[in-house]
């Protein structure tokens, strides 16, 4: 089984990924983003997106009630159902769910984000948190009966509220309970880049031991992603491939050796 993480950028070739999955004829779980669509909806509705950077250097979107509404519209609504539609066109029997459906993904709300503003340390609390448990009964029911889950945020907190969460952390939780053959992460770049501004600087292979030192080299949101990648590798113990989601055949290219292979 594959876990397929699809980035939420506008340049990702989702149709190409799905076409490649149809050729593979292998069970899969998709976890998808929709940040470009969310930003478009936020703009149309006159909402504002706020990005906070913690004192430890990690960046994240501040998730107030309006932000959760935008996530429900973009992630759990339009993007999720369009991916399911694309699967059905290709004979891939998919079921689209957010983490709140059937308590599929449950987590704990963050106690707050510690930020520095106007020379003071402040705690910003919002509707965000980390996934903690997967409803394996529901997930197994789908997979064992030939359904391919297409999953997205929001997830549930401990009190039943919808909260934002990082897809990287969700993939790590899923990998820990499913033991996938491989986890593919499709992004808007050829792979992990030594120089983020130079697409020719792809790191072709990386060991698990390198991930911690790589995390120290990056900043902002990428720093959070590297930490999540390290956790994913440690939890799954398998093969992780970071590959270009913009090509004509993203999955075929990744299977052929393109991108960054971590093992």
Scope the stretch 240-257; condition at pLDDT 95 or above, surrounded by fewer than 21 Cβ atoms within 10 Å (Cβ to Cβ) and either over 17 Å from the mean Cα position of the chain (by Cα) or assigned to a helix (DSSP H, G or I) (or both); matching residues
247, 248, 249, 252, 253, 255, 256
Go through (1) modelled with pLDDT of 95 or more; (2) in contact with a strand residue (DSSP E or B) (Cβ under 9 Å, 6 or more places away or on another chain); (3) farther than 24 Å from residue 38 by Cβ for residue 140 and report which single condition fails.
(2)
Taking the stretch 173-190 and the residues there that are touching a helix residue (DSSP H, G or I) at 6+ places or on another chain (Cβ under 9 Å) and part of a loop (DSSP other than H, G, I, E, B), the one that is modelled with the highest pLDDT would be 180
Conditions (1) free of Cβ contacts under 8 Å to residues at least 12 places away in the same chain; (2) under 30 Å from residue 248 (Cα atoms); (3) touching a strand residue (DSSP E or B) at 6+ places or on another chain (Cβ under 7 Å); number of the one not met by residue 122:
(2)
Part of a loop (DSSP other than H, G, I, E, B), under 18 Å from the mean Cα position of the chain (by Cα), surrounded by 15 or more Cβ atoms within 10 Å (Cβ to Cβ) and at pLDDT below 95 - does that describe any residue in the stretch 211-231?
no
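Which of the following residues is within 26 Å of residue 140 (Cβ to Cβ), in contact with a helix residue (DSSP H, G or I) (Cβ under 9 Å, 6 or more places away or on another chain) and assigned to a loop (DSSP other than H, G, I, E, B): 86, 102, 91?
Numbers: 86 fails: assigned to a loop (DSSP other than H, G, I, E, B); 102 fails: assigned to a loop (DSSP other than H, G, I, E, B).
Answer to the selection: 91.
The values are calculated or read from the model by the stated rules, or taken from the named source; none is laboratory data. Note that the coordinates shown come from a computational prediction; the quantities given were computed from them, not determined experimentally. Cβ coordinates were reconstructed from backbone atoms using ideal geometry, including for glycine residues, and neighbour counts include every protein chain displayed.
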